Amino acid sequence: MKITVQSATSVTIPVPNLAATQSLAQELAAIADKGDVIALRGDLGMGKSAFARAFIQARAGVPIEVPSPTFTLVQSYELPSGLITHFDLYRLRDASDAYELGLDDAFGGIILIEWPERLGDGLPRDPLVISFAPGATADARTITLEGGATWAGRLEFLKLKV
């Protein structure tokens, strides 16, 4: 796998299939910490929900059901490793509605946000933004991870793992 490094806090990883996307999510789950905000960007069908599901299952450490929050907009998981709150904002009409869903209340744990652009300028502090784009084949994706200063060391570690 050829990894492209744009900067200390930006990494692009081509993944050949869903299994590789899930593996990346598992590696990221191992280095994520309480208070992290992970924003998942990309068109429909790019693998955001599959990534989130693999991330949550990896943090759980045991098989658990992880339904998509497409219709409920939010799903919370109280795990031994801490709270994970998964938001799917695709159907959100207004950015202020996200706070009515409990976005503020989720800050003590890990937050996964699909369709973060629906928040406008309201994306929480220092997120890791993961962008999903089509790859060279129908199953392949190009995944770019971009984070602020708090992600620099962890992204360096992640580059060594994938």
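The values are calculated or read from the model by the stated rules, or taken from the named source; none is laboratory data. All of these numbers come straight from a predicted model, not from anything done at the bench. A quick note on method: Cβ atoms are made from the backbone with ideal geometry, for glycine too, and the neighbour counts reach across all protein chains shown.
Among the residues of the range 70-129, those identified as assigned to a loop (DSSP other than H, G, I, E, B), touching a strand residue (DSSP E or B) at 6+ places or on another chain (Cβ under 9 Å), of a type outside the set (A, V, I, L, M) and at positive phi are G102, W115, D126.
Being closer than 15 Å to D43 by Cβ and touching a strand residue (DSSP E or B) at 6+ places or on another chain (Cβ under 6 Å) is a property that holds for G135. Residues of the range 118-148 that are surrounded by fewer than 13 Cβ atoms within 10 Å (Cβ to Cβ) and modelled with pLDDT of 85 or more: A136, T137, A138, G148.
Residues in the range 21-51 that are at pLDDT below 95 and either more than 23 Å from F87 (Cα to Cα) or touching a Gly at 6+ places or on another chain (Cβ under 6 Å) (or both): K34 only. All conditions but one from (1) in a helix (DSSP H, G or I); (2) in contact (Cβ under 8 Å) with a residue 60 or more places away in the chain apply to V11; the one that does not is (1). Under the condition of being surrounded by fewer than 21 Cβ atoms within 10 Å (Cβ to Cβ) and within 17 Å of A140 (Cα to Cα), the residues counted in the range 25-48 number 6.
Checking each residue in the range 49-81 for being closer than 14 Å to I130 by Cβ, hydrophobic (A, V, I, L, M, F, W, C) and crowded, with 20+ Cβ neighbours inside 10 Å picks out F51, A52, A54, F55.
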